[in-house]
Every structure is written in C-alpha cells, then in structure tokens.
Amino acid sequence: MLSKGRRNGKTNRIKGLSLHVLPFSEISDLGITERIKKILKLILGNKIVIIQGRLRVEEEIRLIEDTMAMVDHIKSFRGIELAVIEPNFKDAPFFDKMKQGLANRLSGGTNALTIIGPATIVKDIKKDPKKLEIMLG
Amino acid sequence: MIKALKDLSRRFLASFFGKKDDIKIGFYGPPNAGKTSLANIICKDWTGEDMGKVSEIPHETRKVQIKEKVEIEHKGKKLTFKIVDTPGIATKIDYEDFMKFKMKKKDAKKRAKEATQGIIESIKWLDDMDAIVVVLDANENPYSQVNITVVGNIAARNKPVLIVGNKIDLKKANLKRIESAFPEYEVVGISAKKNKNMNEFYESLFRLSKKV
C-alpha cells in the first residue's frame, strides 16, 4: 500500500513511504522468533508496519534485542521507531467495556494498533495518550 | 514462567529465613536520563568512589557496571545492596548522532557498535535483578514506547519498581506527567546533578527494598 499526494496536478508518492498492514491473524499462530523475524523483514524492506493488535511485553523487548543485533550487522540499518496506540476504556460505560472485552477475546486482544517503522524513514513517533504523530525523515 | 516461579520461591524463602543482605538493584531507563549520575551520588556518598563516567553524549555507559556491597544508612535504618548500572535502552542507534558532538566517524561507529551490544546486555540482565529503579528525564515525554516496554517487562517479571524523575531542577520538568504515565508505581523526583531531594529518594529506596 502506498501513500500518494498531489502536487501541480501530478500524483506523487511520498518518497520512501510504504505502509504494510499486518492483520493479527497473519502472526497469531507464529512463535515469538518467527513473529519478530517477519516484522523485521518487512521493516528492512523500508516499510512502516501497522499491526492490528499489540505484541506481548516479552515480544516487544525481544524486538528491541533483535533490532540491536541487526543494527550491528546490517549496513545502513539504524533501528526502529515503535508505538502502540490503545484505546482507553477505563472510563467507558459498563456495557461498552463489556462489548469491548468480548470483542477483544474474539479477536485475540487486537483492539490496539502497533506501528513500527525503520528509524531511517520515520524520524520520530511522538506519542501522548490523546494523539499520535508520525514525523517522516 | 519458570523464572517467575523461581523468583516467587526465592522471595518466599527470603521472607521466611530473613532478609537477603545483597539484593541487586538495577538502574534502568533511556539514554541520558541520569542513571550513572544517580549511581555516582549514591556510591560517592556511601563508598567514597564513583560508579562510572558521565557525559552529555548519549550512550556513555555501554557496559553493565556493578558496585558491590553499597551500605546506606538513613534515619537509623541500614540497607546493603549491589548497584547494577545499565546502558540506556533505545530502539535506534545512529552513529551520525554521535558525530554531532564532534566525534570522529571511526569513534562514532565504534560507540554505536558498543551501544547496541550494551542494550542487548541490559535486557539480558533484567531477569537477574531483585528490584529496579527506572530513571527517567522529567523533562522528556514519559510515554515513549521504550519506557512502556521496559516497565511492562519489569511488571511481567514481578520485580519491585521505583520510578525516579531526574533533572527536576530544569524548567520543563514535569513529575506529574510521569506519575500519570505510571500510576501504579511510586515516583520520586530528584536532581542528580544538583544533589536535590536525595533524602526522599533514599526513603523510597528503603521502601523498594522491603518489597524484595
């Protein structure tokens, strides 16, 4: 999937930007090693990966470990930018919480979105509880 | 899972047979938050020696550093522990960032290589800690994914945590933001550079050690 912009009547791709949406179902059956390998392979292809769902905490730290091992071995790879957006349902009415809980169970806790991009393309992901902003390099 | 069970049984035995006198307290956090500066104050105050070198260039600490048997005394209470100062955890390392500090390309590349290895080493040490002090720069956004990932992993390992908001002497410092980012943990604000609020920090450290 490629983002496109229009300038002077022409359609241009935003240089270097390529998004890849990874449905949770595509990685749900994979073990931690395979999951991280798949994500890093996409990132090495200069893609910003959007995962429907969030990685487990041990997968997030493994992602950082494996990323560092690759920075050391792959020329011009400088690492990743990573952010997880999770809707806050703490203050939601009871029935909304119940519906959300049920939906999460059915989808494998995939209500969140995880955004991971190569640090060379994504300059920064500025995150606060209410907004998420991706700055392109 | 096995590790968590081991931790639980170790803590149960420790509470049954008395307190461990050499608990390992790990200092974790992003680069340049002031982990080594804080460790230096503690070590200078109680052992008369520095822990490590500090610098304005990120990733000054690139190897895990350990100070054995640090004994602190505060309000009549004693605490003996090992300080484990770890390299800052980050998701990216760019040698060109170091060149902005007038570092030569060759040295910057060497520093980057060491920094990546340091991050891997920091993560590997997580399992060995008895308690963890997460040091954050109170002037930076605490909601970075690295902070959340580090704290999430500590929580998953059932390790006691104290969060330190450092650099509170600076204008933009916002301790409330750290407290709202991590509401389930005790947060203490200090300035390692100005040696400010260290009494409050030591009190928090005693409370942390009781949870081990």
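Quick look at the values:
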quantity	calculated
Partner aspartates and glutamates for B:LYS63 [C-alpha distance under 17 Å; skip if fewer than 8 residues away on the same chain]	A:GLU65, A:ASP72, B:ASP50, B:ASP85, B:ASP107, B:GLU114, B:GLU121, B:ASP127, B:ASP128
In sequence order, calculated HN-Hα J values of segment B:169-177 (Karplus, 6.51, -1.76, 1.60; Hz; x Gly/Pro)	6, 8, 4, 7, 4, 9, 6, 4, 5
Out-of-range pairs (alpha-carbon distance over 25 Å; input B:LYS44/B:LYS194; A:LYS37/B:LYS100; A:LYS126/B:LYS106)	A:LYS37/B:LYS100; A:LYS126/B:LYS106
Flagged links, alpha-carbon separation over 18 Å, of A:LYS75/B:LYS109; B:LYS24/B:LYS110; B:LYS35/B:LYS196; B:LYS82/B:LYS176	B:LYS24/B:LYS110; B:LYS82/B:LYS176
Relative contact order for chain B, counting Cα pairs under 8 Å that sit 6 or more residues apart, in percent	21 percent
Derived scalar couplings ³J(HN,Hα) [segment A:54-66; Karplus, 6.51 cos²θ - 1.76 cosθ + 1.60; whole Hz; x for Gly, Pro]	10, 6, 6, 4, 6, 6, 4, 6, 5, 4, 5, 4, 5
Per-pair calculated FRET efficiency, R0 = 41 Å: B:LYS82 and A:LEU44 via Cβ, rounded to 0.05	0.60
Beta bridges by DSSP in segment B:20-210, antiparallel share as percent, to the nearest 5	30 percent
Long-range amide H partners of B:VAL134 with built H, under 5 Å	B:TYR28, B:LEU162, B:ILE163, B:VAL164
Dipole in debye (nearest 20) - segment B:145-212, about Cα centre, beta carbon charges: Lys, Arg +1; Asp, Glu -1	220 debye
Chains B and A, summed buried accessible surface - 1.4 Å probe, Å², nearest 100	2100 Å²
Within chain B, helix-based [θ] at 222 nm, where runs of 4 or more DSSP H residues each add -39,500 (n - 2.57), nearest 500	-13000 deg cm²/dmol
DSSP H segments from chain B that extend 15 Å or more along their own axis, Cα-based, with Kyte-Doolittle mean of -1.0 or above	B:2-17, B:35-47, B:145-156, B:198-210
Residues in segment B:137-180 that a label on B:ILE66 would reach, taking backbone N under 18 Å of a point 7 Å out along Cα→Cβ	none
Where trypsin sites (Lys or Arg not before Pro) fall in DSSP loop in segment B:120-185, at most 10 other Cβ within 10 Å	B:LYS171, B:LYS172
For A:ILE48, residues with placed amide H under 5 Å, excluding near neighbours	A:SER18, A:LEU19, A:HIS20
Among B:MET99, B:MET51, B:MET198, residue whose mean-square fluctuation peaks in a GNM of chain B (springs only between Cα atoms under 10 Å)	B:MET99
Sequence-distant residues sharing a close amide H with A:LEU136 (under 5 Å, placed H)	A:LYS123
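The values are calculated or read from the model by the stated rules, or taken from the named source; none is laboratory data. Predicted model, so just to flag it, every value in this text is computed and none were measured. As a convention, Cβ positions derive from the backbone with ideal geometry for all residues, glycine included, and neighbour counts pool all protein chains shown. When the accessible area is computed, the model is the full protein with side chains, heavy atoms only, and any ligands, DNA or RNA have been set aside. Shrake-Rupley method; radii C 1.70, N 1.55, O 1.52, S 1.80 Å.
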